Amino acid sequence: MLLRSVSHRFSTCADAIGLGDVRFHDLRHAYATRLLERGVHPKVVSEALGHSSISITMDTYSHVMPSMSQVAADAVDVVLGE
């Protein structure tokens, strides 16, 4: 009952400030996404979200880290002396 009440209250507030159809849970996803996009270590994000393992965080949010491929390619270049 409390969860429904919080969700309803949030929805009302979101509508009032023009956010439209945003769920309370969307804030959690946005929080994690923005942290990872800004280079916060996934372990830190995982702990902040209360995930039991970093693999849950990475399975859910790794798509928002496209720079990971470039970082890996740059590291290989350094190792190979290119």
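Would you confirm, using the coordinates I've provided, whether residue 47 is exposed (fewer than 15 other Cβ atoms within 10 Å of the Cβ) and at pLDDT 90 or above?
yes
Going by the conditions given, is residue 53 exposed (fewer than 11 other Cβ atoms within 10 Å of the Cβ), touching a helix residue (DSSP H, G or I) at 6+ places or on another chain (Cβ under 8 Å) and free of Cβ contacts under 8 Å to residues at least 40 places away in the same chain?
It is true that residue 53 is exposed (fewer than 11 other Cβ atoms within 10 Å of the Cβ), touching a helix residue (DSSP H, G or I) at 6+ places or on another chain (Cβ under 8 Å) and free of Cβ contacts under 8 Å to residues at least 40 places away in the same chain.
If residue 7 passes every condition in (1) polar (S, T, N, Q); (2) surrounded by 12 or more Cβ atoms within 10 Å (Cβ to Cβ); (3) outside any helix (DSSP H, G or I) but one, which one does it miss?
(3)
Of all residues in the stretch 10-25 being not acidic (Asp, Glu) and not in a loop (DSSP other than H, G, I, E, B), which is least open to solvent (accessible area, probe 1.4 Å)?
Result: 14.
Quick test for you: out of 34, 28, 38, pick the one residue that is among the basic types (Lys, Arg), without any contact (Cβ under 8 Å) to a residue 40 or more places away in the chain and surrounded by fewer than 12 Cβ atoms within 10 Å (Cβ to Cβ).
Within the list 34, 28, 38, the selection yields 38.
When you scan the stretch 56-66, how many residues do you find that are assigned to a helix (DSSP H, G or I) and either on the phi > 0 side of the Ramachandran plot or surrounded by fewer than 11 Cβ atoms within 10 Å (Cβ to Cβ) (or both)?
Of all residues in the stretch 56-66, those assigned to a helix (DSSP H, G or I) come to 56-64.
Add one more test, that the residue is either on the phi > 0 side of the Ramachandran plot or surrounded by fewer than 11 Cβ atoms within 10 Å (Cβ to Cβ) (or both), and what stays is 63.
Going through the stretch 56-66 one residue at a time, the tally reaches 1.
The values are calculated or read from the model by the stated rules, or taken from the named source; none is laboratory data. The model shown is predicted, which means the values in this text are computed figures rather than measured ones. Backbone-built Cβ (ideal geometry, glycine too); neighbour counts: all protein chains shown. Areas reflect the complete protein model, heavy atoms only, side chains present, ligands, DNA and RNA absent. Shrake-Rupley method; radii C 1.70, N 1.55, O 1.52, S 1.80 Å.
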